[in-house]
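The structure appears right after this line, and notes come after that.
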Amino acid sequence: MASSVEDELTCPVCFEIYQDPQILSCGHTFCRRCIGHHYHTILSSFYTPVCPVCLNAIRQEPVTNLALRNTCESYQRDKEKERNEKERKEREEREEDGGNKCLWHGEKILFFCRDDGVAICPQCRNQGHMSHKVQPLKHTVPQRKDQIKAALRPAEKVLQSLRNGTALERKITKYIECQAEQAEKQIKEDFAKLHQFLREEEEARRAALREEEEEKKGKLEGWMEEELKSISDRLLEVEEEMENDDVTFLLNYDQIMARARYRRSDSQLISGSLIDVAKHVGNLRFRVWEKMKDLCPYYPVVLDPNSAHISVSGNLVSGSRSVHRFYSPNPLKKNSNRLVLGSEAQNASFNCWDVEVGDSKCWTLGVCQRSATERNHTQDLTPRNGFWGLSKNGDFYYILGSTEAPFQLRKPPKMVRVKLIERLDLNNWKLNWMLSFSDASTGSVMACIREVSFRRDLFPFLIPEERNAPLRIVPVNVNITMEKKFTFLERHMDLIPVYVIGFLMVLLLLLVLLIFKKIN
């Protein structure tokens with residue numbers, strides 16, 4: 001039956017199930033592709049197209065056989081469903097026959113050996129698993145599924161937190177957005193100050209230029225009015241003298257001629273009559289930049305908010321335990337030491353920065369290895385853990401990791417100067433760092449640590465222990481110097497005595513070596 005139906009639904013050209021069947025005027029049906037190819041092939045040969053079955057002439061374009069198309073599609077769906085069902089049954093039969101039977105004994109698998117972790121049949125249990133822990137397979141499967149479900153719970157929680165927006169990654173995303181917003185706001189504020197300064201400076205310099213312009217023009221106009229009056233009076237006097245009688249005119253001729261001869265004085269035109277353009281334009285950008293020093297402070301240490309366990313100000317020079325509108329503590333940091341690092345390591349031979357502590361009673365300042373702050377747990381601030389510094393607690397001062405007794409100061413400093421200096425230990429001829437703390441206002445040394453590990457990754461750090469008592473990096477004065485090109489001799493003029501002494505020492509050493517060689 002199925003074969004006869006399929007025959008009825010088969011194209012007589014391609015012998016396959018109709019694909020978009022098209023019916024001709026003669027009543028025969030073909031696939032759109034088959035009749036289209038046949039139709040256009042005949043037409044291109046200048047012959048009248050005919051039906052491939054009955055050879056009758058095709059008088060009109062083929063049309064879609066909707067009923068037959070729906071029948072073909074329904075037949076193909078049923079055939080596909082039947083094939084899938086057959087494959088499923090065959091797969092289940094294979095599993096029933098071989099999947100649940102022992103490969104060695106051919107019996108059905110009913111037990112699970114917990115010692116070996118394998119499924120076994122009764123005969124396997126009696127032969128090789130008598131002393132093992134064996135349980136029924138129907139009990140093992142639920143237990144193992146429960147274990148897998150328990151192992152999946154953390155992943156399910158993470159998935160749920162990601163969907164709900166409570167995962168750490170979501171928090172970090174929001175924190176990044178907040179960082180970008182705060183940084184952009186700070187950039188706008190700083191550039192707004194620069195723009196305001198430049199606008200005010202431009203207006204002041206243009207006003208000075210206009211003022212000098214008015215002054216120079218006023219002087220010239222005043223001088224021209226005086227000259228106009230003087231020349232007019234002179235001309236009037238000469239004309240009156242020329243109206244005298246002939247004898248008087250001849251007697252006064254020399255005087256009249258002297259007055260008639262006008263010599264223009266250029267003293268007013270060559271003595272500062274023009275605008276001093278160089279004063280207004282010369283090195284203009286440099287002079288404005290030099291004047292911007294007060295508006296653009298330089299901080300020797302800039303704090304890194306990504307390393308902070310505390311809040312950091314917008315300009316990255318102040319740290320506080322109080323919560324404010326600037327950079328909040330890094331959500332990735334779980335360390336409870338509440339410190340913040342400088343953004344750059346102090347690698348110069350001489351490093352110095354001032355920290356304003358104010359009236360704060362509790363704080364810690366110093367340097368540390370950056371790797372020491374990467375651990376997400378609280379640790380002692382000791383040299384062994386990579387921390388060197390000075391701490392204040394009330395009226396007493398402590399050197400981190402030192403066994404020395406705490407000390408007091410008669411006048412607590414409001415600004416602490418921290419110096420990190422590279423030095424050579426003459427005892428073992430090794431380089432190390434010397435870290436000192438002093439009162440920035442008086443210069444008196446408070447503490448000095450001479451044995452600091454000589455590493456190139458020492459970063460400044462500060463810890464404001466007291467709430468609402470921030471610690472702030474103090475800007476330094478920047479001196480702008482103009483350098484000119486010097487010759488090699490001019491650049492090394494002050495080193496000539498050193499070169500001479502070194503040359504003499506080399507000659508003396510060679511002389512000693514020669515004498516020693518002759519003696520031997």
* Asked: Where in region 151-209 are there trypsin sites (Lys or Arg not before Pro) that are in a DSSP coil and have at most 14 other Cβ atoms within 10 angstrom of their Cβ?
  -> none
* So which trypsin sites (Lys or Arg not before Pro) in region 392-462 pass both tests, a DSSP loop state and at most 13 other Cβ atoms within 10 Å of the Cβ? -> 410, 414, 456
* Structure fact -> Simple spin-label estimate for residue 225/residue 508, 7 Å along Cα→Cβ, in nm, reads 8.4 nm
* Residues in region 98-124 near a label at residue 139, defined as backbone nitrogen under 17 Å from the 7 Å Cα→Cβ point? -> 110-122
* Would you mind ranking 303, 220, 341, 513 by Cβ crowding within 10 Å, fewest neighbours first? => 513, 220, 341, 303
* Structure fact -> Whole-Hz Karplus couplings 3J(HN,Hα) for region 214-221, θ = phi - 60° and coefficients 6.51, -1.76, 1.60, Gly and Pro as x, run 5, 5, 5, 5, x, 4, 5, 5
* **Segment residue 240-residue 54, extension gain: residue separation times 0.36 nm, minus the distance between their alpha carbons** => 53.0 nm
* Based on the Cβ-Cβ distance of residue 6 and residue 170, what FRET efficiency does E = 1/(1 + (r/R0)^6) give at R0 = 56 Å, to the nearest 0.05? -> 0.45
* Structure fact -> Taking 0.36 nm per residue of separation between residue 349 and residue 14 and subtracting their Cα-Cα distance, the length gained on full extension comes to 111.6 nm
* To do: Specify the inter-centroid distance of region 278-321 and region 122-185, based on alpha-carbon positions, in whole Å.
  => 51 Å
* **Proximal lysine pairs, region 170-291, alpha carbons under 18 Å, eight or more residues apart or interchain** => 7
* Cα→Cβ-extended label distance, 7 Å offset, between residue 204 and residue 411, nm -> 3.5 nm
* Convert each backbone phi in region 178-191 into a coupling constant with the Karplus relation 6.51 cos²θ - 1.76 cosθ + 1.60 (shift: θ = phi - 60°), then list the ³J(HN,Hα) values in order as whole Hz, x for Gly and Pro. => 5, 4, 4, 5, 5, 5, 5, 5, 5, 4, 4, 5, 5, 6
* Asked: Applying the Karplus parametrisation 6.51 cos²θ - 1.76 cosθ + 1.60 with θ = phi - 60° to the phi angles of region 470-477, what ³J(HN,Hα) value in whole Hz is obtained for each residue in order, glycine and proline being reported as x?
  -> x, 10, 10, 6, 9, x, 10, 6
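Read the figures in this text as sums done on the coordinates, not as results from a lab. No experiment lies behind these values; they were computed from the predicted model shown. Quick reminder, even Gly has a Cβ in these numbers, built from the backbone with ideal geometry, and neighbours come from all protein chains shown.
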